Amino acid sequence: MLEVTQINTFRGPAHILHGLTLSVNEQEVVCLVGRNGAGKTTTIDSIMGLLPLRSGQIVFHGENITGLAAHMRARRGMGYAPEDCGIFPELTVEENLMISRWLANASGRVKEAAFTGSDAQERAFSVFPEVRTLTHREGLHLSGGQKKMVAIARAMTLSPSLLLLDEAFEGLAPAVVTRFIDAVIKIKEMGISILMAESNLANASRIADRLYAIDRGEIIFHGDPKEALKNEEVMKALRG
Amino acid sequence: MDILVLQILNSLFYASVLFLLAAGLSLIFGVMGIINMAHGSLYALGAYVTAWVITFAATAVHPAVLFLLLPAGALVVTAAGVVIEPVLLRPLYKRPEEYQLLITFGLLLVLEDVMRFVWGGTPLSASPLMDALGIVHVGEFVYPTYNLLVIAIGVFAALGVWAFVYRTRFGVMLRATSQDRRMASALGMNVGRVYVQAFGLGCFMAGLGGAIVVPSQAAVLGMGVEVLVLAFVVVVIGGLGSLEGALVGALIVSFVRTGVIQFYEELELAVLYLIAAAVLLVRPTGLFGRPQ
Amino acid sequence: MHDARVVAARILVLVPAGAWVLLAPAALSPYLLIIWCYALIFSIACLGLNLVFGTTGLLSLGHAAYFGAGAYAGAFLYRFADIHSFEVYFLVGILTSTLLAAGIGFLCVRATKIHFAILTLAFGQIFHSLFIDGAIFRLFGPLGWALYLVGEGSMYIPRLTILGIEFEPEEFIPAFYYVIVFAFCASVFLLWRINHSPFGKALRAIRDNQTRAVYIGIPVRQYRWYAFTISGVFLGLAGALYGQLDRQITPEQLDWLFSAELVLATVLGGTRDFIGPVLGAFVFIGLDEIAGRWAIGHNIMMGLLLMLVVFVFPRGLAGTLDLVPGIRKVGLLMKRKWL
């Protein structure tokens, strides 16, 4: 469903991604693993359309979306939860989710499936029931873990076919990570594909159907997570 | 006692106009991070257009119809704003803020001369509207009824803007965009469109301010530049980007101004700027500003 | 060691420039000479402003206050202390504007970016309102108030004695011209030295990255204050010259619109090149003259020009000229160390 081919991305004068290629299939959890600064966030941002590509191509559901603005990609079914969660600090959680509901209904994709933003939100609540209790809280007053949940729930409320999660487990206690891993599996069972940027290979290998390892803006490994754990070079690159 | 009532009414009249102006300025800053130096000139443009339209129509139509023409200035200014944002401002969002200030200053210069060429040096007023409403008696004094209408418009504008920003779908999107533009677009909001709408709304408020003031005070050259600096004082006291701040700031400035004029006329402006400077030094984000 | 090309470039630039500057009173009509004098004075003001704006990265919208103070101080001195010496008028003007800039600057440098701009604007307007509404004149008793009522805040400055010599009216401007030239050369020299001193480098470091400047031990706020005060010296100097040349000073020179014109001229010339503000000031005064003569709107022309600079030539005239290879070469040679 998502084909990223030979993309080059710059941040200011710095060349970050060097001819990166990856793909995500229907009903699949794909992890992008690498150290800090390897280019994971840049990859996610490039796919979301938040950073311009210097060259290369991105195809989503068979459509070339390389030149599309971020909001057009969101309307075509990409949900995005950034590393800093991006919760609007002075909006309540309810308002944060409201925006997604409206935009889901407006995108037109939803109407065909007779599946509204509210349904999508209910589905998100079924994964993270905790969010239901937070609705009146302002974004500013959420804990780190709550922000992560709201960010994913908000992205799911857009009723996406692909979720882009950037460091969704970062800063969570190990027990909570397990809780989130269950959540990701549940989301996948709902028919939503997931591309996750993750710096912890152990966590990634617990959920990934397929895994890409990235180092210095290039894919250095692609395949089964168990293979990655066995691969000396990958392990070396990931540990630094 | 009656004179006190009169002074309070005068202050509220002034506060209504200043609020419209400052709230627009603050809204534009809150959403786009741009200080619109041309805001006062857009206010003046609203005043000129309304005065011109009313003068033109005064002989032809019934006074009641004239009131329907009052918003003409606001609409023209909104139309101007909807063109200005994509053409002049959009290419500059990624540049340092000096450039945004400079471009709006350039716009100020251009607008000032355009008004000079079109309407010349003679003051232009929409007094038929003022005359149509007559006067009310406040004890032994008389007060123009029209000014009460302006106060009412100010109150409605304050309530309307509040409801718009805090109670509507567009308001939520507006606040979301102002808080995190990147995330807003990643969720599927057309940020470019939100910007045009916010700028248009800000311009509408400036134009409306000019339009409602012109039946009681004639439009003159330089009125925009003069009022701009006062609008700065208001938003600085209230906090840049805050609507509550614009309201409280407008009230403070209006009442202080009325008070100082009573006692020591020469210090009127100096006192206002001094308050602004003091607020900036003690609390740089103003009374209601968002901490940075 | 002098490189022959450096010497050649200097001769090529400085000899014609020097000859022009010295012979201008003979070559120009009295009217054009006055315009030329304004251009020189305006360049000093823009150069002074640029120490805060281009070099330190703080946009001031209140520099008109220091310009005006430089002329008003001496005007009051003439009126109330009966001083007729240009030297005293000049020094008192500079001193006043320096003290004013030091005081206001001390408060303003606590803010940065947009807040700095608004704060300088507010203080500038306080100063402006004291003159336009007459509060300052009140301090000088009934005579002061009468002066305010007559002049609406503006003040007359007579032809003062220069080095004790009282010039005839028709000789005055050509003689005063050399005072302006001297002040211009001294200002350019001093500001050049300040810009290229370790202090100037520290200011640029502050502009480019404040956090880093703090980490490498630059006392940021203090240096900003110094820059602001020094810039006040040159604004006062320019203002004092302006007052004597125009033989009056009005609140218009204190208004924020005049501050904005200084910024406009500086941006037009280019804020990142030392000589930019001078070019900008010359072009600004020239265009102003053309606008006046052909009855084109002054503001509309400046406004469109500003838009052109922002969109097409963001580095200003100096930066754009620098892209021309020949000029760039000469410029580089000019910038070499003098010894």
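Summary of computed values
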{"quantity": "C:TYR215 paired with B:VAL83, simple spin-label distance in nm, labels 7 Å along Cα-to-beta-carbon", "calculated": "4.8 nm"}
{"quantity": "GNM result for chain B, Cα springs below 10 Å: residue of B:ARG181, B:ARG95, B:ARG193 fluctuating most strongly", "calculated": "B:ARG95"}
{"quantity": "Partners for B:LYS94 among lysines (Cα-Cα distance below 25 Å; same-chain residues under 8 apart left out)", "calculated": "A:LYS40, C:LYS113"}
{"quantity": "Reduced Cα scattering model of the protein assembly as shown, Debye log10 I(q)/I(0), q = 0.06, 0.09 Å⁻¹", "calculated": "-0.51, -1.02"}
{"quantity": "The range A:78-160: C-alpha gyration tensor shape, a/c 1.5 cut-off, then a/b vs b/c", "calculated": "prolate"}
{"quantity": "GNM flexibility winner over chain C from C:LEU139, C:LEU203, C:LEU61 (Cα, springs under 10 Å)", "calculated": "C:LEU139"}
{"quantity": "Whether the range B:2-222 is rounded, prolate or oblate, judged on the alpha carbon gyration tensor where a/c under 1.5 counts as rounded", "calculated": "prolate"}
{"quantity": "DSSP-defined beta bridges in the protein assembly as shown - what % are antiparallel, rounded to 5", "calculated": "60 percent"}
{"quantity": "Highest-fluctuation residue, A:MET98, A:MET156, A:MET78 considered, GNM on chain A with Cα pairs under 10 Å", "calculated": "A:MET98"}
{"quantity": "Relative contact order [Cα under 8 Å, 6+ residues apart], the range C:264-339, whole percent", "calculated": "33 percent"}
{"quantity": "Shielding by other protein chains, C:303-314, mean Cβ within 10 Å", "calculated": "5"}
{"quantity": "Förster-model FRET efficiency, 45 Å R0, A:ALA69 and C:HIS84, C-beta, rounded to 0.05", "calculated": "0.05"}
{"quantity": "Order by protection proxy (mean Cβ within 10 Å, highest first), peptides B:203-214, A:119-130", "calculated": "B:203-214, A:119-130"}
{"quantity": "Highest-first arrangement of C:154-166, C:239-251, where packing means the average Cβ count within 10 Å", "calculated": "C:239-251, C:154-166"}
{"quantity": "Average beta-carbon neighbours from other chains, 10 Å sphere, peptide B:270-277", "calculated": "6"}
{"quantity": "Between helix A:93-106 and chain A: long-axis angle, C-alpha atoms, 0 to 90°, nearest 10", "calculated": "80 degrees"}
{"quantity": "Simple label model, 7 Å out from Cα along Cβ direction - C:ALA27 to A:SER55, nm", "calculated": "5.4 nm"}
{"quantity": "Protection proxy ranking, peptides C:122-132, B:252-262, average beta carbon neighbours within 10 Å, highest first", "calculated": "C:122-132, B:252-262"}
{"quantity": "Two-site FRET efficiency, C:PHE167 against B:VAL118, from Cβ-Cβ distance with R₀ of 41 Å, rounded to 0.05", "calculated": "0.30"}
{"quantity": "Cα centre as origin, Lys/Arg/Asp/Glu Cβ charges: chain B dipole, Debye", "calculated": "1260 debye"}
{"quantity": "Chain A - Rg and Dmax from Cα coordinates, angstrom", "calculated": "17.1, 49"}
{"quantity": "Computed [θ] at 222 nm, deg cm²/dmol, the protein assembly as shown (DSSP H ≥ 4; -39,500 (n - 2.57); rounded to nearest 500)", "calculated": "-21000 deg cm²/dmol"}
{"quantity": "Label-point gap, in nm, between C:GLU152 and C:MET334 - each point 7 angstrom along Cα→Cβ", "calculated": "4.1 nm"}
{"quantity": "On Cα atoms only, tilt of B:268-282 relative to the major axis of chain B in degrees", "calculated": "30 degrees"}
{"quantity": "Gyration tensor verdict on the range C:79-224 (Cα atoms; rounded if a/c is under 1.5, prolate if a/b is larger than b/c, oblate otherwise)", "calculated": "oblate"}
{"quantity": "Assigned charges on the beta-carbon of Lys, Arg, Asp, Glu; the protein assembly as shown dipole about Cα centre (debye)", "calculated": "2440 debye"}
{"quantity": "Per-pair calculated FRET efficiency, R0 = 25 Å: B:ALA132 and B:MET1 via Cβ, rounded to 0.05", "calculated": "0.25"}
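Bear in mind that the values in this text are calculations on the coordinates, not laboratory data. Values in this document were obtained by computation on a predicted structure and should not be read as measured data. All Cβ positions, even for glycine, are placed from backbone atoms using ideal geometry, and neighbour counts span all protein chains on display.
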